[in-house]
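All of the numbers you see were taken from the coordinates with simple rules; none came from a lab. Note that the structure is a prediction, hence the values are computed from the model and not measured. So basically every Cβ, Gly included, is an ideal-geometry build from the backbone, and we count neighbours across all protein chains shown.
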Amino acid sequence: MYNKRAQAIPPSATLVFSAEARKLANQGIDIVTLVAGEPDFDTPAHITEAAIEALRAGKTRYTPIPGIPELREAIARKCVGVNGIQATLDDVLVTPTKMGVFYALQALVEEGDEVIIPDPSWVSYGPCTTFAGGVGVPAALLCNRGFCLDIETLKSAITPRTKVIVVNSPCNPTGGVFTKEENQAIADLAIDNDLWVLSDDIYEKLVYDTTHNSIASLPGMFERTITLNGFSKAYAMTGWRLGWVIAPPEVMGIMRRLQSHSLTCSTSFVQWAGIAALEGCQDCVEDMRVQFQQRRDFFVKGLNEIAGVTCRMPKGAFYAFPAFDVDMNSNDLALHLLKNAHVAGTPGSAFGANGEGHVRFSYAASMEELGKALERIEKGLAML
Ligand SMILES: Cc1ncc(COP(=O)(O)O)c(C=O)c1O
């Protein structure tokens, strides 16, 4: 017998499709892979140099559990200055963002508590809720409203067992970005119903023709919000496993204890690289953002030129989430496109019931690869 909660956790669909794509590539087939959620850029050199310097300086031992004070200071400064979140270094836990999601739900959720999760949304909120003993309750993000949250739908999802509302803006997989007014409406609901908000701001820097707003900056929200952020997407640092959590004192204490008995601390020299990322020149972030925007414009325009494909212009992150007018579910469609057209995306159903009919393509790839993907998607659809 095994742990029932752990056994109930499904494999990540993105990882399943990445593995499938890799299998075909290993057979010598040229696959355009637009599955993984990671920038295709190298980590900027000054950040890598800071890690090398830290290694040379012998920064190779355990650090304090919540992270080195210099990095927590830098994160708190950024939260206050850029996001208007009134955090001090005591409110910061340095940890990979995904660990932050895990800790936050472990800390907040009691057996049977309900967690409202946008549908569609990133694949890990549901399993982390289940593992904490909670129940994920999907709240529709509506395609015909540009994947905005319908506040009435959110309201109707609240029950006496609701504990947490998950907010992810910019959103993976839709690319939707909540306005300040939408955040305020969610904040009002959270305050009126005494709920927590788990705000995943990891795509904060990747917004196009709009701005990012942190819900924890709104009045009365700091004390009921756990904000997650990190270096992976903004600084092309997915493999470094570095991010942070901002939370009020009591829940922060619990998350630190969780970290003390699991990870202990984030990798020592990587934390020094984090300081270089936050405190160094931010031109690298803007350069990558501009390139993502050019790729978005090219790819989404190309998708909309293919018969049977409709794609909204995403306002953030680096995913296109087109709808396909085909007589097949999104899993079968993604498999067909992979096996017969050699272009890999992630089926929309992996992100929730409302993702059905869509395939997520990451446009964190070169223009050449994106051009090839468009040709292949068109050919793949013509085969049906
Ligand atoms: C919405 C969202 N949150 C969190 C994460 C986890 O980020 P990291 O890999 O830096 O832990 C991801 C990664 O894809 C994501 O898309």
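Return one quarter of the surface area of the convex hull spanned by the alpha-carbon atoms of the chain, equal to its mean projected area, in nm².
With the hull built on Cα positions only, its mean projection is 19.4 nm².
In the stretch 143-250, what % of DSSP beta bridges are antiparallel (nearest 5)? If you can, show how the numbers build up before the last one.
Numbers: 4 of 13 bridges.
Counting only bridges with both partners in the stretch 143-250, antiparallel ones make up about 30 percent.
Could you put 171, 265 in order, starting from the residue whose Cβ has the fewest other Cβ atoms within 10 Å? Intermediate results must be reported in sequence, preceding the final value.
Details: 171 28, 265 19.
Taking fewest neighbouring Cβ atoms as first place, the list is 265, 171.
Indicate, rounded to the nearest 5 percent, the antiparallel portion of the DSSP beta bridges found entirely in the chain.
So the antiparallel bridges amount to about 45 percent of the total.
How big is the gap, in Å, between the Cα center of the stretch 50-111 and the Cα center of the stretch 158-214?
Centre-to-centre (Cα) distance: 21 Å.
Report, to the nearest 10°, how far helix 69-78 tilts away from the longest principal axis of the Cα atoms in the chain, using its own Cα long axis and a range of 0 to 90°.
60 degrees
Where does each of 212, 358 land when they are ranked from fewest to most other beta-carbon atoms within 10 angstrom?
Lowest count first: 212, 358.
What number results when the radius of gyration of the stretch 62-279, computed over Cα atoms, is divided by 2.2 N^0.38 Å?
0.95
If the cut-off is 25 Å between C-alpha atoms, which lysines fall inside it for residue 163, apart from same-chain ones fewer than 8 positions away?
4, 98, 155, 180
I'd like the antiparallel share, as a percent to the nearest 5, of DSSP beta bridges with both residues in the stretch 192-304.
50 percent
By how many degrees, 0 to 90 and rounded to 10, does the Cα axis of helix 268-279 deviate from the longest principal axis of the chain?
It works out to around 80 degrees.
Given the C-alpha atoms of the stretch 32-128, compute the convex hull and give its volume per residue in Å³. Kindly include the intermediate steps, with their values, before the conclusion.
Values: hull volume 18.2 nm³, N = 97.
Value for the stretch 32-128: 187 Å³ per residue.
Report the equivalent ellipsoid semi-axes for the stretch 301-345 in whole Å, largest first, defined as the square roots of five times the eigenvalues of the gyration tensor built from alpha carbon atoms.
Semi-axis lengths for the stretch 301-345 are 19, 13, 10 Å.
Quick one: net charge around residue 252, please, counting Lys, Arg +1 and Asp, Glu -1 for every other residue with C-beta under 9 Å from its C-beta.
After counting each charged neighbour, the total is -2.
For helix 45-56, what angle does its Cα long axis make with the longest principal axis of the chain, in degrees from 0 to 90 and rounded to 10?
Computed tilt is about 50 degrees.
According to the square roots a ≥ b ≥ c of the eigenvalues of the Cα gyration tensor, what is the shape class of the stretch 72-201, taking rounded for a/c under 1.5, prolate for a/b larger than b/c otherwise, and oblate for the remainder?
oblate
Summing +1 for each Lys or Arg and -1 for each Asp or Glu, what net charge is found among the other residues whose Cβ lies under 10 Å from the Cβ of residue 44?
Surrounding charge for residue 44 is -4.
In Å and whole numbers, how far do the C-alpha atoms of the stretch 92-159 stretch along each principal axis, longest first?
For the stretch 92-159, the Cα spread along each principal axis is 37, 25, 20 Å.
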